[in-house]
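S.K.: What follows is a single structure, and I will ask about it in a moment.
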Amino acid sequence: MSAASQFKEEAHEITRDLRHRQLIQTALGKYEIKRDEKKAAFQDWQAARQAAAETKWDAINHLDTYLQEFATKLEARGTKVHWASTAPQARDIILNIIREKKARTIVKSKAMTAEEIHLNDALEKSGFEVVESDLGEFIVQLRHEPPYHIVFPAMHLTRGDISELFARELGSAPTDSPEELTMIARRALRNKYVTADVGITGANFAIAETGMISITENEGNARLTAALPKTMISLLGIEKVLPKMEDLALFLPMLATAGAGQTITGYNSLYGGPRQPGESDGPDEFHVVLLDNRRTELLADAEQRDALHCIRCGACLNVCPIFRNVGGHTYGTTYSGPIGSVITPHLRGLQDWKHLSSASSLCGACTEACPVKIDLHHHLLHNRRNSATEKPNRLEKLGLKLFAFVVNHPAFYSLAKKMGRLMQPLHALVKGTRIDPAYGWTQSRDLPTMPRQSFKDWWRTRP
Amino acid sequence: MTEREKILGRIREALTLSAPMPGKHHSPAAHSSVNGHAVASASDWLPLVGEAFESQITTFRTCSTELKTDFQLFDSHEHLTSKLQEISRAESWQQIASHGGNLALPAAESLGLPILRTDSPYDVVALEKCDVGITECDALVAQTGSVLVTSRSAGGRALSVLPPHHVVIARREQLLADLPSAFALLQKKYASNYPSFISFITGPSRTGDIERILVLGAHGPKKLTVLCF
Ligand code: SF4
């Protein structure tokens with residue numbers, strides 16, 4: 001089945017699932033209250049957005065310079081920097097490090113780039129045990145599911161679902177307390193940190209000036225992943241760059257506010273290398289893997305280049321009426337919601353993923369929510385335009401030509417009006433059935449009755 | 001050609017076309033920052049913090065309450081130490097961990113318990129069994145209620161995250177107004193040779209992954225106590 005028909009089918013199913021809808025509305029309702037409160041605490045949120053957008057613009061439009069600075073600074077302090085053009089290359093780099101270390105257990109903290117390259121699958125197929133340590137990721141890993149949301153991976157599950165899952169997979173006693181469930185996961189994972197040979201993380205920002213990665217999290221699992229195993233591997237997209245360390249003073253609170261309604265996230269940690277001389281702990285080896293995976297193609301599209309400014313806060317998902325109805329899994333992509341709809345066609349092919357750009361009400365809520373001011377809803381239109389130019393739809397073109405002809409010729413237009421008025425009663429016979437020519441439209445909508453007198457007729461006969 | 005050269009080559013090629021500056025199409029009032037660098041004025045946009053010590057302490061306290069950090073201010077190191085002893089009794093600590101620093105270590109020693117020191121290589125399994133990690137910090141940030149630590153100021157990477165309770169001992173002078181001042185401090189203190197780990201700790205470890213309900217102590221400390229004098 002094509003990605004487009006699968007999307008349609010699943011969206012059709014899930015939009016009727018009232019339990020799903022309620023769960024998402026409650027969770028996002030809570031988020032909205034906190035987000036508004038934290039946004040209001042800013043002295044000038046709009047100025048902060050503009051500054052963040054300009055800083056990211058600077059970073060992305062001088063990406064070559066900043067990436068080299070980032071890599072050179074890291075290497076100077078003993079970090080091994082790897083460059084991967086494609087997903088298979090990134091997987092091989094990571095697998096080779098792990099094989100060389102003769103590792104058995106691997107702990108991993110949340111990384112969307114790892115989802116993007118299907119890292120866990122690759123590691124498991126090669127016989128390694130990988131444990132997701134972020135609670136939400138741990139839950140969806142036990143369910144053999146991809147994360148539902150880039151920030152809240154297990155948002156689609158109730159405590160009941162999770163209790164059942166833990167009982168089945170971990171043998172724990174059923175409970176309906178989120179606290180107890182969290183403690184079950186804590187106990188299950190503690191031992192893994194202490195014994196794991198390799199820790200894998202993602203990164204939220206890459207600081208060029210100082211050669212550091214910055215990781216934002218609430219649970220402390222990434223900190224443990226970066227503190228205890230002997231080898232640390234961080235996988236990040238090349239677009240994560242920020243020019244200066246002090247830029248974080250703006251980006252850390254904006255990420256937290258837009259994404260989760262927090263003033264700042266629980267732990268914001270910077271890592272500039274493996275354990276340095278005189279330090280007592282930390283990994284002996286630190287590997288940073290820089291991933292392109294068609295980001296440079298998006299970079300080459302100057303019109304949509306700003307989509308690389310994305311800091312993956314998830315705000316655009318949270319406010320999107322489509323996301324809120326169809327949910328995260330329906331997209332069938334690593335990145336869902338508006339940003340996913342914008343970038344997936346670039347990362348995985350326009351013709352296969354253009355349908356996502358039509359799954360939009362074009363309300364612009366995403367653009368409004370985005371802390372780095374990415375022009376999301378216009379990019380959805382750009383994708384539609386590009387796909388139509390690349391592969392025109394002949395039938396649609398013909399239809400529009402016909403329409404243009406009719407509206408440009410008053411005689412035909414008034415004939416069409418008369419026909420419409422006469423035929424409309426007959427439409428009731430087929431309305432909403434498969435033989436209805438306007439089925440796609442009329443299955444869930446009513447056509448207004450055509451008036452007896454048109455405006456034009458009225459104008460002519462007015463006293 | 002290496003992959004590095006290939007990627008950089010593709011980037012350079014892509015950048016031959018220039019992209020519009022953000023905020024120029026659809027938003028009328030673009031507040032422009034000087035030379036694309038934001039932070040000179042970030043303090044003007046971020047949440048407001050007063051200038052006086054008293055008001056900064058109040059902000060830090062308000063943030064702490066919201067975050068469920070236990071924050072207490074003392075007028076001397078002795079009072080602080082006796083509070084620490086009180087917590088130790090109340091939680092019946094058996095094993096404690098700390099690092100050599102002239103604020104943390106004397107306070108830890110006053111408890112009369114065996115101390116695991118993490119400023120030189122140590123046994124992780126033993127640290128995992130400790131009831132508390134007592135550390136110093138680089139700064140407290142009023143704006144966000146954060147504690148700024150580094151591998152150098154706080155006994156490595158794990159001491160402040162592995163034990164179930166993290167106690168921070170700080171001096172009043174360490175209180176900073178906001179995040180930009182915290183980054184300025186890091187630069188001033190370490191620019192010639194940064195520690196390999198720097199972290200802004202804001203509240204005890206937390207998660208909202210189950211129905212967006214807040215639970216403390218997800219993987220890191222269930223409790224964060226900041227004792228300041
Ligand atoms: S596009 Fe903007 S709002 Fe959406 S995830 Fe990225 S930064 Fe956040």
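The values are calculated or read from the model by the stated rules, or taken from the named source; none is laboratory data. None of the values given here were measured: they were computed from a predicted structure. Backbone-built Cβ (ideal geometry, glycine too); neighbour counts: all protein chains shown. Note: areas computed on protein heavy atoms with side chains; ligands, DNA, RNA excluded. Shrake-Rupley method; radii C 1.70, N 1.55, O 1.52, S 1.80 Å.
S.K.: At least 2 residues that are within 12 Å of chain B (Cβ to nearest Cβ) in each: list the helices (runs of 4 or more DSSP H) lying fully within segment A:96-159 that qualify. Working first, answer last.
M.R.: On the way: elements: A:112-116, A:119-125, A:135-142.
So the answer is A:135-142.
S.K.: Where the second residue is in a helix (DSSP H, G or I) and within 9 Å of the ligand (Cβ to nearest atom) and the first is more than 14 Å from chain B (Cβ to nearest Cβ) and of a type in the set (D, E, K, R) and lies in segment A:305-334, which pairs have Cβ atoms under 9 Å and are six or more apart or on separate chains?
M.R.: The qualifying pairs are A:ARG312/A:LEU255; A:ARG312/A:GLY259; A:ARG312/A:ILE339; A:ARG324/A:LEU317; A:ARG324/A:ASN318.
Residues are listed down the side, and each one gets a yes or a no for (1) in a helix (DSSP H, G or I); (2) among the hydrophobic types (A, V, I, L, M, F, W, C); (3) surrounded by 14 or more Cβ atoms within 10 Å (Cβ to Cβ):
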{"position": "B:SER43", "(1), (2), (3)": "yes, no, yes"}
{"position": "B:VAL49", "(1), (2), (3)": "no, yes, yes"}
{"position": "B:GLN56", "(1), (2), (3)": "yes, no, yes"}
{"position": "B:THR59", "(1), (2), (3)": "yes, no, yes"}
{"position": "B:THR65", "(1), (2), (3)": "yes, no, no"}
{"position": "B:PHE71", "(1), (2), (3)": "no, yes, yes"}
{"position": "B:ASP75", "(1), (2), (3)": "no, no, no"}
{"position": "B:LEU80", "(1), (2), (3)": "yes, yes, yes"}
{"position": "B:LEU84", "(1), (2), (3)": "yes, yes, yes"}
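S.K.: Still on this model: Would you pick out the residues in segment A:189-220 that are within 8 Å of chain B (Cβ to nearest Cβ), among the β-branched types (Val, Ile, Thr) and not in a loop (DSSP other than H, G, I, E, B)?
M.R.: Passing the criteria: only A:VAL194.
S.K.: For segment A:313-333, does any single residue satisfy the condition of being among the small types (Gly, Ala, Ser) and touching a Leu at 6+ places or on another chain (Cβ under 7 Å)?
M.R.: If we filter segment A:313-333 for residues that are among the small types (Gly, Ala, Ser), which is where we start, we get A:314-315, A:327-328, A:332.
Adding the requirement that they be touching a Leu at 6+ places or on another chain (Cβ under 7 Å) leaves none.
No: segment A:313-333 contains no residue that is among the small types (Gly, Ala, Ser) and touching a Leu at 6+ places or on another chain (Cβ under 7 Å).
S.K.: Let me ask you something else. Of the residues in segment B:189-216, how many are in a loop (DSSP other than H, G, I, E, B), facing chain A (nearest Cβ under 7 Å) and within 15 Å of A:LEU224 (Cα to Cα)?
M.R.: The number of residues fulfilling the criteria is 2.
S.K.: Let me ask another. Among the residues of segment A:239-251, write down those that are at the interface with chain B (Cβ under 7 Å from one of its Cβ atoms) and within 16 Å of the ligand (Cβ to nearest atom).
M.R.: A:ASP247, A:LEU248, A:LEU250
S.K.: Looking at segment A:286-299, can you tell me whether even one residue there is within 13 Å of the ligand (Cβ to nearest atom) and within 14 Å of chain B (Cβ to nearest Cβ)? Steps first, answer last, please.
M.R.: Step one: of segment A:286-299, the residues within 13 Å of the ligand (Cβ to nearest atom) are A:298.
With within 14 Å of chain B (Cβ to nearest Cβ) added as a condition, the list becomes A:298.
Yes, that holds for at least one residue.
S.K.: Criterion first (touching a residue at least 12 places away in the same chain (Cβ under 8 Å), in contact with a Ser or Thr (Cβ under 6 Å, 6 or more places away or on another chain) and either outside any strand (DSSP E or B) or not assigned by TED's automatic domain parsing to the domain that holds A:ILE98 (or both)) does A:THR257 satisfy it?
M.R.: Numbers: touching a residue at least 12 places away in the same chain (Cβ under 8 Å): yes; in contact with a Ser or Thr (Cβ under 6 Å, 6 or more places away or on another chain): no; either outside any strand (DSSP E or B) or not assigned by TED's automatic domain parsing to the domain that holds A:ILE98 (or both): yes.
The answer is no for A:THR257.
S.K.: OK, next. Checking A:LEU181 against (1) at pLDDT below 95; (2) in a helix (DSSP H, G or I), which single condition isn't satisfied?
M.R.: Result: A:LEU181 passes all but (1).
S.K.: Would it be correct to say that B:ALA108 is away from chain A (no Cβ under 13 Å), assigned to a helix (DSSP H, G or I) and buried (at least 21 other Cβ atoms within 10 Å of the Cβ)?
M.R.: Details: away from chain A (no Cβ under 13 Å): yes; assigned to a helix (DSSP H, G or I): yes; buried (at least 21 other Cβ atoms within 10 Å of the Cβ): yes.
It is true that B:ALA108 is away from chain A (no Cβ under 13 Å), assigned to a helix (DSSP H, G or I) and buried (at least 21 other Cβ atoms within 10 Å of the Cβ).
S.K.: Would you be able to say whether some residue in segment A:42-55 is crowded, with 21+ Cβ neighbours inside 10 Å, without any contact (Cβ under 8 Å) to a residue 12 or more places away in the chain, within 22 Å of the chain's Cα centre (by Cα) and at the interface with chain B (Cβ under 9 Å from one of its Cβ atoms)? Working first, answer last.
M.R.: Start the filter on segment A:42-55 by keeping residues that are crowded, with 21+ Cβ neighbours inside 10 Å, which leaves A:48-55.
If we keep only those that are without any contact (Cβ under 8 Å) to a residue 12 or more places away in the chain too, we end up with A:54.
Restricting the remaining residues to those that are within 22 Å of the chain's Cα centre (by Cα) gives A:54.
Adding the requirement that they be at the interface with chain B (Cβ under 9 Å from one of its Cβ atoms) leaves A:54.
Looking for residues that are crowded, with 21+ Cβ neighbours inside 10 Å, without any contact (Cβ under 8 Å) to a residue 12 or more places away in the chain, within 22 Å of the chain's Cα centre (by Cα) and at the interface with chain B (Cβ under 9 Å from one of its Cβ atoms), one finds at least one in segment A:42-55, hence yes.
S.K.: Mind listing whichever residues of segment A:216-238 are open to solvent by less than 10 Å² (accessible area, probe 1.4 Å) and either within 22 Å of the chain's Cα centre (by Cα) or modelled with pLDDT under 95 (or both)?
M.R.: Answer for segment A:216-238, where residues must be open to solvent by less than 10 Å² (accessible area, probe 1.4 Å) and either within 22 Å of the chain's Cα centre (by Cα) or modelled with pLDDT under 95 (or both): A:GLU219, A:ASN221, A:ALA222, A:SER234, A:LEU235, A:LEU236, A:GLY237, A:ILE238.
S.K.: Evaluate the following for A:GLN276: is it open to solvent by 10 Å² or more (accessible area, probe 1.4 Å), part of a loop (DSSP other than H, G, I, E, B), touching a residue at least 40 places away in the same chain (Cβ under 8 Å) and within 16 Å of the ligand (Cβ to nearest atom)?
M.R.: On the way: open to solvent by 10 Å² or more (accessible area, probe 1.4 Å): yes; part of a loop (DSSP other than H, G, I, E, B): yes; touching a residue at least 40 places away in the same chain (Cβ under 8 Å): yes; within 16 Å of the ligand (Cβ to nearest atom): no.
No; evaluated as a whole, the condition is false for this residue.
S.K.: Considering each residue of segment A:354-392, count those that are under 16 Å from A:GLU303 (Cα atoms), charged (D, E, K, R) and surrounded by fewer than 21 Cβ atoms within 10 Å (Cβ to Cβ), and give that number.
M.R.: Count: 2.
S.K.: Would you confirm whether any residue within segment A:259-272 is within 22 Å of A:ALA87 (Cβ to Cβ), more than 16 Å from the ligand (Cβ to nearest atom), buried (at least 24 other Cβ atoms within 10 Å of the Cβ) and among the hydroxyl-bearing types (Ser, Thr, Tyr)? Walk me through it before giving the result.
M.R.: As a first pass, look at segment A:259-272 and keep what is within 22 Å of A:ALA87 (Cβ to Cβ): none.
No, every residue in segment A:259-272 fails to be within 22 Å of A:ALA87 (Cβ to Cβ), more than 16 Å from the ligand (Cβ to nearest atom), buried (at least 24 other Cβ atoms within 10 Å of the Cβ) and among the hydroxyl-bearing types (Ser, Thr, Tyr).
S.K.: Pick out the one residue from A:GLU115, A:GLU124, A:GLU137 that is open to solvent by 30 Å² or more (accessible area, probe 1.4 Å) and within 20 Å of the chain's Cα centre (by Cα).
M.R.: Numbers: A:GLU124 fails: within 20 Å of the chain's Cα centre (by Cα); A:GLU137 fails: open to solvent by 30 Å² or more (accessible area, probe 1.4 Å).
Sole residue among the options that is open to solvent by 30 Å² or more (accessible area, probe 1.4 Å) and within 20 Å of the chain's Cα centre (by Cα): A:GLU115.
S.K.: Now a separate question. Inside segment A:322-403, counting only helices (runs of 4 or more DSSP H) that do not spill past its ends, which hold 2 or more residues that are more than 16 Å from the ligand (Cβ to nearest atom)? Don't jump to the end; show me each part of the working.
M.R.: Working: elements: A:337-348, A:350-353, A:355-358, A:365-369, A:376-390.
Hits in segment A:322-403: A:350-353, A:355-358, A:376-390.
S.K.: Follow-up. Just to be sure I understand, how many residues within segment B:150-188 are of a type in the set (D, E, K, R), within 11 Å of another protein chain (Cβ to nearest Cβ) and under 20 Å from B:HIS99 (Cα atoms)? Please lay out each step first, then the result.
M.R.: Here is the first cut: in segment B:150-188, the residues of a type in the set (D, E, K, R) are B:152, B:157, B:171-173, B:178, B:188.
Narrowing the set further to residues that are within 11 Å of another protein chain (Cβ to nearest Cβ) leaves B:152, B:157, B:178.
Of the ones still in play, those that are also under 20 Å from B:HIS99 (Cα atoms) are B:152, B:157.
Residues in segment B:150-188 being of a type in the set (D, E, K, R), within 11 Å of another protein chain (Cβ to nearest Cβ) and under 20 Å from B:HIS99 (Cα atoms): 2 in total.
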